[in-house]
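This report refers to the structure that appears directly beneath it.
The values are calculated or read from the model by the stated rules, or taken from the named source; none is laboratory data. These numbers were taken from a predicted model, which means no experiment stands behind them. Every residue, glycine as well, gets a Cβ built from its backbone with ideal geometry; the counts of neighbours run over all protein chains shown. When the accessible area is computed, the model is the full protein with side chains, heavy atoms only, and any ligands, DNA or RNA have been set aside. Shrake-Rupley method; radii C 1.70, N 1.55, O 1.52, S 1.80 Å.
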Amino acid sequence: MKRPHGNLVTPPKPPTGGRVIKTAIIVDMMGAGGKSPEEEVEQHKEFYGDLLAPATLDVHRPYHAGGGKHGIQDGTELIVYDFGGMMPGSSLMEDNARQVVKWAQDHPSGLVVVASSYTFRVYVEAEMADVGLDGLHNVVCDDGSGEAIPEWFLNYAKGEG
């Protein structure tokens, strides 16, 4: 592969093991904890990339939890949802929670990791209860330890499922 000016570029190497997991990382557009949204995405990409190794994460950053041009892309298998911000006077938190739960229902082999216990408890669990999907098997709250990631998804990431 050549750059326009003739310099050779080494193409990316395929992963040596595991799978390529298309991953949507949705963060608060204002950032959080003194970090920019870009820094938050990188932090989640590194953490979950290490946790799910030897899989490789193919990350995109939707602006919302719905579909369409700026939403979750087709083929996504993992959503990391870290949208803990409050937006007074807007229904963004409820709308995103509804979309994340709907995505999980429509993609039973995919996984939604909610990285904010407040968002999980107040918005996502409430939405699951409202639509009769309490205890949806593929929606988890992770406190940053990685312990909430289900065994079935870890096995999938390793190429075993």
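Laid out as a table, the results:
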quantity: Any hit, the range 85-94, residues being under 24 Å from residue 146 (Cβ atoms), modelled with pLDDT under 90, open to solvent by less than 40 Å² (accessible area, probe 1.4 Å) and over 14 Å from the mean Cα position of the chain (by Cα); calculated: yes
quantity: Selection count where residues are assigned to a loop (DSSP other than H, G, I, E, B) and surrounded by fewer than 22 Cβ atoms within 10 Å (Cβ to Cβ), scope the range 40-61; calculated: 3
quantity: Of all residues making up the range 107-127, the number that are open to solvent by 10 Å² or more (accessible area, probe 1.4 Å) and not polar (S, T, N, Q); calculated: 11
quantity: Those strands (runs of 3 or more DSSP E) lying entirely in the range 72-161 with at least 2 residues closer than 18 Å to residue 56 by Cα; calculated: 78-82, 111-114
